[in-house]
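*Asks:* I'd like to ask you about the structure that follows.
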Amino acid sequence: MEKAAEVTVVVENAAVETAKTKSDVAVKGEAALKPQFLTTKEKFHCFVDSEWRGPKGEKAGENDKGEQTTEASIEEPEAKMLKLEPEKRNKEGKPDGKRVRGQNKSRPHTKPGAYDEKRLCTSVIQDKGECAYGDKCRFHHVVAEYMADKPADIGESCYLYDTFGKCQYGVACRFAKAHTTPDFKTMENAELIKAYEGRTVVKNSLSKDLQINLRKRAVAFKKSSEYLKTLSDNRDKQEPKGNGAAGAAEESAKAAGEQPAEAESQLQASPAKPPPVKTIGPLTDVDIIKLRPCEKKQVDFEDKLYLAPLTTCGNLPFRRVCKRFGVDITCGEMAMCTNLLQGQQSEWALLKRHESEDVFGVQVEGCFPDTMTRCAELINNNADVDFVDINSGCPIDLVYKKGGGCGLMTRTRKFEQIVKGMNYVLDIPLTVKIRTGVQEKCNIAHKLIPELKKWDVSMITLHGRSREQRYTRLADWDYINTCSKLASPVPLFGNGDILSYEDAMKARETGVSGIMIARGALIKPWIFTEIKESRHWDISSGERLDVLRDFSNFGLEHWGSDTRGVEKTRTFMLEWLSFMCRYIPVGLLERVPQKINERPPYYMGRNYLESLMASQHVGDWVRISEMLLGPVPKNFIFLPKHKANAYK
């Protein structure tokens with residue numbers, strides 16, 4: 001018996017040593033986890049799937065016949081290869097040069113409104129009486145008919161009714177039982193309604209009058225016209241005359257080596273040395289009497305935490321979540337200036353600001369001085385923002401190929417005209433976001449920053465990667481440090497690879513004025529609390545679910561609590577979960593903190609919910625959304641914009 005026990009102990013010790021060896025020699029690019037939590041892909045999915053099986057034992061996503069339904073048919077994104085596969089070679093046997101991208105460009109997309117077979121007319125919801133469209137209206141007008149087709153309610157309490165005392169979606173709300181009577185009348189809470197009376201919770205909505213005027217091109221851009229006239233006048237002066245008899249005489253005089261009479265008089269009148277100031281157009285009072293910096297609204301950017309403007313995921317509900325965790329500066333998603341000038345409702349929605357966002361800016365993208373200057377004046381006169389940011393760092397082809405985003409960094413003349421024009425029309429600070437450069441080994445930010453200082457930008461944000469690199473390399477913080485010294489006294493914020501308070505501390509040591517956080521906030525929005533409290537937060541899966549619950553409530557408030565609003569909230573939640581699944585709980589890590597470029601291996605969490613949140617399978621993200629927003633519609637399909645495992 002003693003020998004048997006001795007053998008057992010030896011075997012157990014050997015297993016522990018093997019596990020230790022496996023953890024010590026970690027797979028390159030994978031985070032180091034404690035051995036007891038590690039598992040295989042098959043065991044992980046078997047465990048996660050076992051908890052939500054149907055009554056007959058089949059996996060969720062199968063019908064009675066055993067056929068796969070829509071949800072289960074969505075496949076897990078393929079692992080991103082570091083090298084090209086052998087078959088991806090040309091006829092000569094060389095790689096075809098195509099990089100594996102982290103985007104699902106041909107993904108299926110269903111509009112949230114398509115999940116409603118037939119909606120209830122707004123005239124019935126808002127009790128307006130007769131419908132303005134009459135017989136031509138394609139929506140329901142009989143409430144009883146609509147209720148017969150309406151999907152079941154998601155829950156018993158409505159967040160909008162509980163918060164504001166009234167739900168504007170009435171019987172169309174997916175929580176309608178909480179605030180409707182048996183005869184389909186909407187109830188109201190007078191006390192809560194009075195508390196919010198005269199209070200604007202969300203600002204910067206596009207008014208109908210402004211939209212009509214923009215579409216009719218009836219909006220006056222007085223300041224922009226003044227600035228653009230100086231540009232055109234300057235352009236006319238620089239163009240050679242060469243037309244008509246006068247031009248011919250001038251050319252012949254030049255050929256004979258003589259000076260034209262007009263040129264001679266100009267030479268006699270002008271001094272021999274060039275003018276001390278480079279002028280654009282005629283001299284005006286504005287050139288002599290400069291607007292003092294103190295007359296413009298000022299923003300204190302020093303030593304602040306800045307949430308990056310994140311396309312798709314950086315929506316208003318997400319920003320509200322980050323505000324709860326302590327972020328100082330928030331910025332709207334990148335908006336196309338041409339779309340704003342056309343009065344597109346979807347683009348103006350990106351400028352919306354919640355009352356909790358105390359320091360808020362908007363980011364605009366464009367490639368021409370006329371549209372960008374007019375857009376700046378439009379925002380200045382019709383939106384409540386603290387600063388405007390120019391996106392000159394966007395790497396996507398759609399923007400870059402037309403000269404916007406990163407393309408502006410190589411078009412300095414146009415860039416200068418844009419910055420000076422926007423500064424001319426704005427009463428608030430103008431900031432700029434740039435990258436290190438366009439090509440991978442050719443940094444140009446250090447050449448551009450002194451010019452930006454001359455153009456009077458109020459703050460510069462530098463992403464420590466080039467356009468070519470995307471996320472295939474770590475951010476170059478040494479280069480950011482060099483650029484921060486060049487930018488002084490203009491504040492320069494650094495951006496790239498911050499996922500813990502230790503990363504933030506190292507970033508602050510470089511001499512930057514503040515730090516901007518992008519992917520780190522998507523993976524764990526509580527990073528702002530960690531930085532401010534200088535600690536690693538071993539947040540529980542229940543607390544993380546509460547964060548998602550807050551997001552779903554804010555989403556219902558922002559996008560609506562009817563079927564369309566619920567599905568829009570779900571879609572944005574799933575996009576966020578494609579990043580959030582990369583988070584590894586602190587208690588599971590063998591080496592703290594987690595690095596942003598390390599992908600998580602397959603592991604079992606400390607409870608089922610923690611394991612479910614670690615899944616990189618789309619179907620599991622859908623399951624998490626169903627906990628908060630009810631079951632998905634029959635025709636629901638989703639694939640993330642960015643692949644969840646695009647780490648390298």
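*Asks:* If we scan the stretch 342-350, do we find a residue that is touching a Gly at 6+ places or on another chain (Cβ under 8 Å) and within 20 Å of PHE554 (Cβ to Cβ)? Quick ask: steps written out before the conclusion?
*Replies:* Filtering the stretch 342-350 for residues touching a Gly at 6+ places or on another chain (Cβ under 8 Å) gives 350.
Narrowing the set further to residues that are within 20 Å of PHE554 (Cβ to Cβ) leaves 350.
Within the stretch 342-350 (the criterion being touching a Gly at 6+ places or on another chain (Cβ under 8 Å) and within 20 Å of PHE554 (Cβ to Cβ)), the answer is yes, since at least one residue qualifies.
*Asks:* Pairs needed: first member in the stretch 623-634, on the phi > 0 side of the Ramachandran plot; second member anywhere, of a type in the set (Gly, Ala, Ser) and at pLDDT below 95; C-beta distance under 7 Å; at least 6 residues apart or different chains.
*Replies:* none
*Asks:* Further question: Any chance the stretch 459-472 includes a residue that's more than 19 Å from ILE584 (Cβ to Cβ) and assigned to a helix (DSSP H, G or I)? Step through it out loud before you land on a result.
*Replies:* We begin by selecting, within the stretch 459-472, every residue more than 19 Å from ILE584 (Cβ to Cβ); these are 459-470, 472.
Next cut, assigned to a helix (DSSP H, G or I) only: none.
Scanning the stretch 459-472, I find no residue that is more than 19 Å from ILE584 (Cβ to Cβ) and assigned to a helix (DSSP H, G or I), so the answer is no.
*Asks:* Could you count how many residues in the stretch 476-502 are open to solvent by less than 20 Å² (accessible area, probe 1.4 Å) and in contact (Cβ under 8 Å) with a residue 60 or more places away in the chain? Talk me through it step by step, then tell me what you get.
*Replies:* Taking the stretch 476-502 first, the residues open to solvent by less than 20 Å² (accessible area, probe 1.4 Å) are 480, 483-484, 487, 492-496, 498-500.
So of that shortlist, the ones also in contact (Cβ under 8 Å) with a residue 60 or more places away in the chain come out as 493, 495, 498-500.
Matching residues across the stretch 476-502 total 5.
*Asks:* Among the residues of the stretch 148-166 satisfying the criterion of being over 14 Å from THR186 (Cα atoms) and in a helix (DSSP H, G or I), which is most open to solvent (accessible area, probe 1.4 Å)?
*Replies:* Once the filter is applied, the top-ranked residue is ASP149.
*Asks:* A further question on this structure: Which residue, of GLU440, GLU451, GLU468, is of a type outside the set (Val, Ile, Thr) and either in contact with a helix residue (DSSP H, G or I) (Cβ under 9 Å, 6 or more places away or on another chain) or at pLDDT 95 or above (or both)? Write out each step before concluding.
*Replies:* Working: GLU440 fails: either in contact with a helix residue (DSSP H, G or I) (Cβ under 9 Å, 6 or more places away or on another chain) or at pLDDT 95 or above (or both); GLU468 fails: either in contact with a helix residue (DSSP H, G or I) (Cβ under 9 Å, 6 or more places away or on another chain) or at pLDDT 95 or above (or both).
Criteria check complete, one pass: GLU451.
*Asks:* So which strands (runs of 3 or more DSSP E) are wholly in the stretch 297-401 and hold at least 2 residues that are over 22 Å from GLU575 (Cα atoms) and at pLDDT 95 or above?
*Replies:* 360-365, 387-392
*Asks:* Separate question: If the requirement is being more than 21 Å from LEU629 (Cα to Cα), assigned to a loop (DSSP other than H, G, I, E, B) and open to solvent by 60 Å² or more (accessible area, probe 1.4 Å), which of these qualifies: GLU188, GLU145?
*Replies:* GLU188
*Asks:* Got at least one residue in the stretch 125-142 being closer than 30 Å to LYS194 by Cβ, among the hydrophobic types (A, V, I, L, M, F, W, C), more than 32 Å from the chain's Cα centre (by Cα) and open to solvent by less than 30 Å² (accessible area, probe 1.4 Å)?
*Replies:* No, every residue in the stretch 125-142 fails to be closer than 30 Å to LYS194 by Cβ, among the hydrophobic types (A, V, I, L, M, F, W, C), more than 32 Å from the chain's Cα centre (by Cα) and open to solvent by less than 30 Å² (accessible area, probe 1.4 Å).
*Asks:* Taking the options ASN234, ASN213, name whichever one is more than 30 Å from GLY165 (Cα to Cα) and more than 32 Å from the chain's Cα centre (by Cα).
*Replies:* The conditions single out ASN234.
*Asks:* Among the residues of the stretch 123-142 satisfying the criterion of being in a helix (DSSP H, G or I) and in contact (Cβ under 8 Å) with a residue 12 or more places away in the chain, which is nearest to ARG174 (Cα to Cα)?
*Replies:* Looking at the filtered set, the residue picked out is ILE125.
*Asks:* Quick check on my filter: what residues within the stretch 352-384 are open to solvent by less than 10 Å² (accessible area, probe 1.4 Å) and among the β-branched types (Val, Ile, Thr)?
*Replies:* Answer for the stretch 352-384, where residues must be open to solvent by less than 10 Å² (accessible area, probe 1.4 Å) and among the β-branched types (Val, Ile, Thr): VAL362, VAL364, THR373, ILE379.
*Asks:* Separate question: Quick one: in the stretch 579-600, of everything that is out of contact with any Gly (no Cβ under 8 Å at 6 or more places or on another chain) and aliphatic (A, V, I, L, M), which residue is nearest to TYR501 (Cα to Cα)?
*Replies:* By that ranking, first place goes to VAL592.
*Asks:* Select from the stretch 167-179 the residues that are out of contact with any Cys (no Cβ under 8 Å at 6 or more places or on another chain) and not in a loop (DSSP other than H, G, I, E, B) and write down the one among them that is surrounded by the most Cβ atoms within 10 Å (Cβ to Cβ). Can you show your working first?
*Replies:* The initial filter retains those residues of the stretch 167-179 that are out of contact with any Cys (no Cβ under 8 Å at 6 or more places or on another chain), namely 168-172, 174, 177.
From what's left, not in a loop (DSSP other than H, G, I, E, B): 170-172, 177.
Numbers: GLY170: 22, VAL171: 20, ALA172: 26, LYS177: 15.
So, considering only residues that are out of contact with any Cys (no Cβ under 8 Å at 6 or more places or on another chain) and not in a loop (DSSP other than H, G, I, E, B), the one surrounded by the most Cβ atoms within 10 Å (Cβ to Cβ) is ALA172.
*Asks:* Here's another thing I want to ask about it. Filter the stretch 505-524 down to residues that are farther than 21 Å from ASP389 by Cβ and either buried (at least 23 other Cβ atoms within 10 Å of the Cβ) or among the polar types (S, T, N, Q) (or both), then give me how many there are.
*Replies:* Residues in the stretch 505-524 being farther than 21 Å from ASP389 by Cβ and either buried (at least 23 other Cβ atoms within 10 Å of the Cβ) or among the polar types (S, T, N, Q) (or both): 2 in total.
*Asks:* Would the stretch 217-226 turn up any residue that is within 24 Å of SER356 (Cα to Cα) and not aliphatic (A, V, I, L, M)? Reasoning before the result, please.
*Replies:* Within the stretch 217-226, the subset within 24 Å of SER356 (Cα to Cα) is none.
No: the stretch 217-226 contains no residue that is within 24 Å of SER356 (Cα to Cα) and not aliphatic (A, V, I, L, M).
The values are calculated or read from the model by the stated rules, or taken from the named source; none is laboratory data. As the structure is a prediction and not an experimental result, all values here were calculated from the model. Using ideal geometry, Cβ is built from the backbone for each residue, glycine included, and neighbour counts are taken over all protein chains shown. SASA here: full protein model, heavy atoms, side chains in, ligands and nucleic acids out. Shrake-Rupley method; radii C 1.70, N 1.55, O 1.52, S 1.80 Å.
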